[in-house]
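Colleague: My questions all concern the structure below.
The values are calculated or read from the model by the stated rules, or taken from the named source; none is laboratory data. Everything quoted here is computed from the prediction, not taken from an experiment. Note: ideal-geometry Cβ built from the backbone for every residue, glycine included; neighbour counts use all protein chains shown. Note: accessible area is taken over every heavy atom of the protein model, side chains too, but ligands, DNA and RNA are not part of it. Shrake-Rupley method; radii C 1.70, N 1.55, O 1.52, S 1.80 Å.
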Amino acid sequence: MTIDYFQYFQLLSLLVAIICYRGLNACNLVLFIPLLLLTNIIELVGNNYRLLGWTHNYGMYNWYIILSTPINLYLYAQMLKIKKNEKPVYVIIAVLSMLFIILNYIFLQGPDQFNNISVVLIEILNIVFSCFVLLRLAFRGDVLVSIFREPYFWISAANLLFGLITLVLLGLQQYIRSYHIVIGKDSLYHAILPVVNIILYSCYSLAFILCRMQINRSSSSLLQ
């Protein structure tokens, strides 16, 4: 069984999320636990698909896209603190996005091809919603003092970085393959994406710890 080094950060992030369960619940981020559990299972199996006798792992990553997207959309709704008048627009965007992803899986790219068009849509949503979360945090008072203590900041900043880099790599996919661009002996994807994943899941872990610290501070305030 093979485990890539960035997967240890995914496993660590899941462990931290479980330990900080009460903090995540208070921050409305508890769905990160099933999301990270799903991520770890998919990455572990996807990295060792040949042991199962499979010829490719596209199918399971396509299912990951379908299953993880509604969880991510719900988490963004929590971080954005969607207002009553904004909710219909957000619901319409979420439903149309899910509809496109499912139709792409069934009719367009299909289950036997990696649904990179769906990934492009997801990363665009990640970039847009992450920017909105960061903007709402920025318009609050005492920005310079408090923003780095905000769990939503670290999650959204990491998602924004990951989304931008993934979009660039997908956009240059044909060029990279045609010219066999490598860094050292690794392809550009294998050289960059693991590092971005490490940053992403490290930021998630930090956000979960900050959620736990907020609970501890609240408890201390009540005791005083």
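Colleague: Given the residues 125, 135, 99, which is the only one that is of a type outside the set (D, E, K, R), assigned to a helix (DSSP H, G or I), open to solvent by less than 40 Å² (accessible area, probe 1.4 Å) and out of contact with any His (no Cβ under 7 Å at 6 or more places or on another chain)? So that I can check it myself, show each step before the final result.
Modeller: Working: 135 fails: open to solvent by less than 40 Å² (accessible area, probe 1.4 Å); 99 fails: open to solvent by less than 40 Å² (accessible area, probe 1.4 Å).
Matching residue, one of 125, 135, 99: 125.
Colleague: OK, next. If residue 79 meets every condition in (1) part of a loop (DSSP other than H, G, I, E, B); (2) more than 30 Å from residue 111 (Cα to Cα) apart from one, which number is that one?
Modeller: In the conditions (1) part of a loop (DSSP other than H, G, I, E, B); (2) more than 30 Å from residue 111 (Cα to Cα), residue 79 misses (1) alone.
Colleague: Can you name every one of the helices (runs of 4 or more DSSP H) wholly within segment 1-66 that holds 2 or more residues which are closer than 22 Å to residue 115 by Cα?
Modeller: Those helices (runs of 4 or more DSSP H) span 32-47.
Colleague: Going through 168, 195 one at a time, which residue ends up being at pLDDT 90 or above and surrounded by fewer than 13 Cβ atoms within 10 Å (Cβ to Cβ)? Talk me through it step by step, then tell me what you get.
Modeller: Values: 168 fails: at pLDDT 90 or above.
None of the other options fit; the residue is 195.
Colleague: Could I ask something else about it? Based on this model, can you work out whether residue 160 counts as part of a helix (DSSP H, G or I), of a type in the set (A, V, I, L, M), open to solvent by 30 Å² or more (accessible area, probe 1.4 Å) and modelled with pLDDT of 95 or more?
Modeller: Judged against the criteria, residue 160 is a match.
Colleague: If you go through segment 73-96, how many residues are aromatic (Phe, Trp, Tyr) and either open to solvent by 70 Å² or more (accessible area, probe 1.4 Å) or more than 26 Å from residue 204 (Cα to Cα) (or both)? Break it down into steps so the answer makes sense when it comes.
Modeller: Taking segment 73-96 as the starting set, the residues that turn out to be aromatic (Phe, Trp, Tyr) are 74, 76, 90.
Among the residues that remain, those that are also either open to solvent by 70 Å² or more (accessible area, probe 1.4 Å) or more than 26 Å from residue 204 (Cα to Cα) (or both) are: 74.
The qualifying residues number 1.
Colleague: Let me ask another. Look at residue 118 and say whether it is modelled with pLDDT of 90 or more and over 13 Å from the mean Cα position of the chain (by Cα). Don't jump to the end; show me each part of the working.
Modeller: Working: modelled with pLDDT of 90 or more: yes; over 13 Å from the mean Cα position of the chain (by Cα): yes.
It is true that residue 118 is modelled with pLDDT of 90 or more and over 13 Å from the mean Cα position of the chain (by Cα).
Colleague: Which one of these does residue 104 not meet: (1) within 19 Å of the chain's Cα centre (by Cα); (2) open to solvent by less than 30 Å² (accessible area, probe 1.4 Å)?
Modeller: (1)
Colleague: Also, I was wondering about something else. For residue 70, are the conditions met, namely being open to solvent by 40 Å² or more (accessible area, probe 1.4 Å) and either acidic (Asp, Glu) or in a helix (DSSP H, G or I) (or both)?
Modeller: Considered against the rule, which asks whether it is open to solvent by 40 Å² or more (accessible area, probe 1.4 Å) and either acidic (Asp, Glu) or in a helix (DSSP H, G or I) (or both), residue 70 comes out as yes.
Colleague: I want to confirm something. Restricting to segment 1-50 and keeping residues that are more than 15 Å from the chain's Cα centre (by Cα) and among the hydroxyl-bearing types (Ser, Thr, Tyr), which single residue is least open to solvent (accessible area, probe 1.4 Å)?
Modeller: 49
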